[in-house]
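Below is one structure; the comments refer to it alone.
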Amino acid sequence: MIKVITNKYASSPYSRKGIIVLEEKGLPYEQENIDPEFLPKGFESMNPNLRASLLIDHEQMIFESDNIVDYLLRTYPGERSADAPDPPLAETMTRPDHHIHDSMVLVTIETVMNSANNISFFATSGIDPAKIEPYGWIWERDKLRIDSCMTWLNQQATPEGFAPGVFSIMDLKMMCTFRCLTRCANDDWNPEWIKYRNLDSIHAFYRDRPSIVKTDPGLG
Ligand SMILES: N[C@@H](CCC(=O)N[C@@H](CS)C(=O)NCC(=O)O)C(=O)O
């Protein structure tokens, strides 16, 4: 049985990517939630990055969420859950004929996710990030970065996804990022993505997909 190790609230937008693929493919899996602050003994031998996105498939350990998605696509091609609607999940991380473009889209979506997490870490710490010397400016830069990334992503997207005809990994990551943005929002920072018309449309297009609904960690 495939095992997914995620954070203690099962709310990781990173681990969620792989879990969506497992759901799309109808592959059975078990989930173990750990506290990333107190990693299980010997965890470093499974993931030297000491992070919670980890998938174990028999003897094979795969760390880093994008690697996990890539592994599942390559190892279980052609699998499709009975309740996975059209458009079908993409078979590859990127479209072979648009590889460089799609790779840039994937990394830009990841940047949004990482920056949103940074903002939320600062907000919950009670520290005024602007006063942290010499890197307080990164707090403001993260907000600018999210806006510039979302603006660029919006230009790359269509209302029906980044690669219409398939539920692409770009769309899948974007859906995880929308939830991450909502969870990371706070009194001082609440990014409204409605102004990014194509991205907002992608959200509406995919939000009722069974794999998205089932893996939604909610706001708690
Ligand atoms: N780039 C990693 C990020 C994973 C990540 O940041 N996981 C969090 C839990 S949601 C974690 O383990 N944080 C603890 C740490 O960074 O030491 C991935 O995509 O898998």
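Sort 197, 209, 51 from largest to smallest accessible area, using a 1.4 Å probe on the heavy atoms of the protein chains.
Descending accessible area places them as 197, 51, 209.
Relative contact order (percent) for the chain, with alpha-carbon contacts under 8 angstrom and 6 or more residues of separation?
Worked out over the chain, it gives 22 percent.
Kindly flag which residue pairs out of 8/173; 41/131; 25/195 have an alpha-carbon separation exceeding 29 Å in this structure.
Pairs exceeding 29 Å: 41/131; 25/195.
So who's got an amide H within less than 5 Å of the one on residue 89, skipping anything under 5 residues away but keeping other chains? H placed 1.01 Å off N, in plane.
Here 167 satisfy the definition.
Projecting each Cα onto the charge dipole of the chain (Lys/Arg +1, Asp/Glu -1 at the beta carbon, about the Cα centre), which of 101, 28, 117 comes out farthest on the positive side?
117
For the chain, which whole percent of the accessible surface, found with a 1.4 angstrom probe, sits on carbon and sulfur atoms?
53 percent
Please list 174, 1 from largest to smallest accessible area, probe radius 1.4 Å, with all protein chains kept in place.
From most exposed to least exposed: 1, 174.
Could you list the GluC sites (Glu not before Pro) in region 30-100 that lie in coil according to DSSP, counting only those with at most 15 other Cβ atoms within 10 Å of their Cβ?
Taking region 30-100 and a limit of 15 other Cβ atoms within 10 Å, the loop GluC sites (Glu not before Pro) found are 37, 59, 91.
Provide the solvent-accessible area of residue 76, counting protein heavy atoms only and rolling a 1.4 Å probe, rounded to the nearest 10 Å².
So the heavy atoms of residue 76 present about 50 Å² to solvent.
Testing the spin-label approximation: label points 7 Å from Cα along Cα→Cβ at residue 135 and residue 60. State their distance in nm.
3.5 nm
When Rg is the radius of gyration of the Cα atoms in region 2-75 and Rh is its Kirkwood radius, what does Rg/Rh come to?
0.93
Obtain the radius of gyration and the Kirkwood radius of the chain from its C-alpha atoms and give Rg over Rh.
For the chain, the value is 0.96.
When the Debye formula is applied to the Cα atoms of region 96-214, each taken as the same point scatterer, what base-10 log of I(q)/I(0) results at q = 0.16, 0.22 Å⁻¹?
-0.76, -1.23
Report D for region 47-102 in µm² per second (integer): Stokes-Einstein, Kirkwood Rh on Cα pairs, 4 °C, 1.567 mPa s.
Translational D for this selection: 99 µm²/s.
Please report, to one decimal in angstroms, the Kirkwood hydrodynamic radius of region 124-164 built from all distinct Cα-Cα pairs.
For region 124-164, the Kirkwood estimate is 12.3 Å.
Treating the beta-carbon of each Lys and Arg as +1 and of each Asp and Glu as -1, no other charges, what is the dipole magnitude of region 52-92 about its Cα centre, to the nearest 20 debye?
Computed about the Cα centre, the dipole is about 40 debye.
Work out the length of the dipole vector of the chain about its Cα centre, built from +1 on the beta-carbon of each Lys and Arg and -1 on the beta-carbon of each Asp and Glu, and round it to the nearest 20 debye.
Computed charge dipole of the chain: roughly 140 debye.
Taking the Cβ-Cβ separation of residue 1 and residue 103 as r and a Förster radius of 45 Å, what is the calculated FRET efficiency to the nearest 0.05?
0.90
List, in order, the whole-Hz ³J(HN,Hα) value for each residue of region 25-31 obtained from phi through the Karplus relation with A = 6.51, B = -1.76, C = 1.60 and θ = phi - 60°; use x for Gly and Pro.
For region 25-31, the Karplus-derived couplings read 8, x, 8, x, 8, 10, 10 Hz, x marking Gly and Pro.
Residues of the chain: accessible area per residue at 1.4 Å, in Å²?
That works out to 52 Å² for each residue.
The values are calculated or read from the model by the stated rules, or taken from the named source; none is laboratory data. All of these numbers come straight from a predicted model, not from anything done at the bench. Cβ atoms come from the backbone with ideal geometry, glycine included; neighbour counts cover every protein chain shown. What goes into the accessible areas is simple: the full protein's heavy atoms, side chains included, and nothing from ligands, DNA or RNA. Shrake-Rupley method; radii C 1.70, N 1.55, O 1.52, S 1.80 Å.
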